[in-house]
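Below is one structure; the comments refer to it alone.
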Amino acid sequence: MKRKLARFAENETFPHMFQPKMFPPVDHTLKGKWHSDFFKNNNPIVLELGCGRGEYTVNLAEKFPAKNFVGIDWKGARLWRGAKTVQENKMQNVAFLRIMIQNILNFFSPNEVSEIWITFPDPQPQSTRERKRLTALRFLEMYKQILIPGGIIHLKTDNKGFYDFTLDVIGENKFNKIYATADLYHSDADNEILGIKTTYEKMFLEQGMKICYLKFAIS
Ligand SMILES: C[S@@+](CC[C@H](N)C(=O)[O-])C[C@H]1O[C@@H](n2cnc3c(N)ncnc32)[C@H](O)[C@@H]1O
């Protein structure tokens, strides 16, 4: 608990960590201004939704210095890990945002985002919780409002049910499925980028689980 509180306190000091009040939900001052007011360049902005400790965000940001990355999660102690690494490595192309993804439209404007990664989302297996899944249609409709036309969404999950659910949503809505595999590490997918492993992925791999990967566009 003491360590958690110390992390929350340090989060307040990071210039690349944003922890806005979520109630009442209002547009954030950076909405539509991430390029001009935070990153200070016009490089594409990539989001990682439910980023936890931000491993994908940080690794991608190191591989792609000409892109900007925003890791989003509501758990401050997890975000601290990614934010600390960004500080230690003096990275200029990463921010973290502590919000509920449900409120994402208060933080990004149309065409502000080029790409989205969803890494090991909570599977929400009960049918009553279907609308909480981060690839439920209501979420995809929000992502559509902030993504550039043809903007790519990547999903990595150990959960075959979540993967199948997302395939169904893509099929039913005639979205553009670009690549799909229920066994990433025995597929012909490019493992240079897809092989980045988050905390949850390492745990699932140790349990012998297969990793599913889906790449699609919604406009
Ligand atoms: C299973 S963890 C995966 C974390 C990380 N992507 C990884 O692979 O290690 C799911 C993460 O999504 C976050 N999350 C789930 N639903 C969310 C929501 N609606 N808004 C913000 N964060 C959410 C949780 O706090 C958690 O950190």
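A few points about this structure:
- Residue check for M22: hydrophobic (A, V, I, L, M, F, W, C), open to solvent by less than 50 Å² (accessible area, probe 1.4 Å) and over 18 Å from the mean Cα position of the chain (by Cα): yes
- The residues of segment 3-51 that are of a type in the set (S, T, Y) and either outside any loop (DSSP other than H, G, I, E, B) or over 17 Å from I146 (Cα atoms) (or both), listed by number, are T13, S36.
- Filtered residue count, segment 142-174, keeping only those that are in a helix (DSSP H, G or I) and within 20 Å of C51 (Cα to Cα): 8
- Within segment 130-152, residues that are free of Cβ contacts under 8 Å to residues at least 12 places away in the same chain and of a type outside the set (V, I, T) reach partners that are within 15 Å of the ligand (Cβ to nearest atom) and part of a loop (DSSP other than H, G, I, E, B) with beta carbons closer than 7 Å, at six or more positions or on different chains, in the pairs K132/Q124.
- Among (1) more than 19 Å from K202 (Cα to Cα); (2) out of contact with any strand residue (DSSP E or B) (no Cβ under 7 Å at 6 or more places or on another chain); (3) within 14 Å of the ligand (Cβ to nearest atom) - the single one M91 does not satisfy: (3)
- Screening E115 on (1) under 18 Å from T166 (Cβ atoms); (2) within 12 Å of the ligand (Cβ to nearest atom); (3) in contact (Cβ under 8 Å) with a residue 24 or more places away in the chain shows it passes everything except condition (2).
- Residues being in contact with a strand residue (DSSP E or B) (Cβ under 9 Å, 6 or more places away or on another chain), in contact (Cβ under 8 Å) with a residue 12 or more places away in the chain, away from the ligand (no atom under 16 Å from the Cβ) and of a type outside the set (D, E) - total across segment 160-204: 12
- Some residue of segment 49-72 being within 18 Å of I153 (Cβ to Cβ), acidic (D, E) and within 14 Å of the ligand (Cβ to nearest atom): no
- Any chance E48 is modelled with pLDDT of 95 or more and within 15 Å of the chain's Cα centre (by Cα): yes
- Residues that are open to solvent by 10 Å² or more (accessible area, probe 1.4 Å) number at least 2 in the following strands (runs of 3 or more DSSP E) confined to segment 58-127: 113-119.
- Any hit, segment 144-159, residues being of a type in the set (K, R), modelled with pLDDT of 95 or more, more than 15 Å from the ligand (Cβ to nearest atom) and farther than 29 Å from E172 by Cβ: no
- Answer from K84, K75, K33 - the residue that is free of Cβ contacts under 8 Å to residues at least 40 places away in the same chain and more than 12 Å from the ligand (Cβ to nearest atom): K33
The values are calculated or read from the model by the stated rules, or taken from the named source; none is laboratory data. None of these values were measured; they are calculated from a predicted model. Glycine also receives a Cβ, built like all others from the backbone with ideal geometry; neighbour counts cover every protein chain displayed. Protein only, heavy atoms only, side chains kept; ligands, DNA and RNA dropped before computing areas. Shrake-Rupley method; radii C 1.70, N 1.55, O 1.52, S 1.80 Å.
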